[in-house]
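Note sheet for the following structure.
The values are calculated or read from the model by the stated rules, or taken from the named source; none is laboratory data. Computed from a predicted structure; not experimentally measured. Note that we place each Cβ from the backbone using ideal geometry, even for glycine, and neighbour counts take in every protein chain shown. Ligands, DNA and RNA are excluded from the accessible area calculation, which covers all protein heavy atoms including side chains. Shrake-Rupley method; radii C 1.70, N 1.55, O 1.52, S 1.80 Å.
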Amino acid sequence: MDFKDIKELIRVFDKSELNKLRVKEGEFEISMQRGFEGGVTTVSASPMVQTVASVTQNASTSSSVLSTTAVSNEATKESSASGIAINAPMVGTYYSSPSPDSPSFCGIGDIVRKGQTLCILEAMKIMNEVEAEFDCKILDILVQNGEPVEYDMPIFIVEKV
C-alpha cells in the first residue's frame, strides 16, 4: 500500500460513519479509531518504516485530526563526520512547535530521547509528528519554522548519545 492509498483510506474513513477500521495487507497493517481522546493506532508498512496515527474527533467542529509519526531507518543518513542527518519522511511544511505561542520541541544543543517529537510536518492540513529514532543531541536545525520541506530533505543534524 503506497502513500496515496493510505491518504485515500484516511479520507474515506473520515467521511464514513465507522468508528474503527483495520486493514491488513501482507506486512502492512493500519488501524484507525475515532471517538475518544488519546486513541492510538499502529501502522507498520515494513521492517524499516514504523508509523503511529491517532485520530480524534473535535466535538465543537466535528472535524477529525490525524497525527502521524513516520520514522524510517533510511531517513537518517550520514551527512558528514560531524553528525547524522535526519531527513524529512514526507513533503510538507516544517513547524518547530505545536502552536505559534508554544515553545519549540527541541533546539540546538538539546538532548532528545528516542520517541521524543522533533518537529511537525504539515501536509494537506494533517499534522505529522516526526520523532527521534534514537537518543541524540541536536547539532543543527537546517530548516526555519514555516518553511516547506521536500521528501528526504535533511532537517536536523544530530549526534548519537
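Less than 5 angstrom separates the built amide H of M153 from those of A88, all sequence-distant by 5 or more or on a different chain. With a 1.4 Å probe rolled over the protein heavy atoms of all chains, the accessible area of Y151, Y95 falls in the order Y151, Y95, largest first. The length gained on full extension between M124 and E29, counted as 0.36 nm times the residue separation minus their Cα-Cα distance, comes to 31.9 nm. In order along the range 111-124, the phi-based Karplus estimate (6.51 cos²θ - 1.76 cosθ + 1.60, θ = phi - 60°) of 3J(HN,Hα) comes to 9, 10, 9, 3, x, 6, 5, 9, 6, 10, 10, 8, 9, 6 Hz; Gly and Pro are listed as x. For L18, the accessible area of its heavy atoms, probed at 1.4 Å with every protein chain present, is near 90 square angstrom. Placing a label point 7 Å from the Cα of S104 along the Cα-to-Cβ direction, the residues of the range 125-156 with a backbone N closer than 12 Å are 138-146, 156.
Go through K4/K125; K4/K24; K7/K137 and tell me which ones have a Cα-Cα distance over 26 Å in this structure.
Working: K4/K125 15 Å; K4/K24 16 Å; K7/K137 33 Å.
From K4/K125; K4/K24; K7/K137, over 26 Å: K7/K137.
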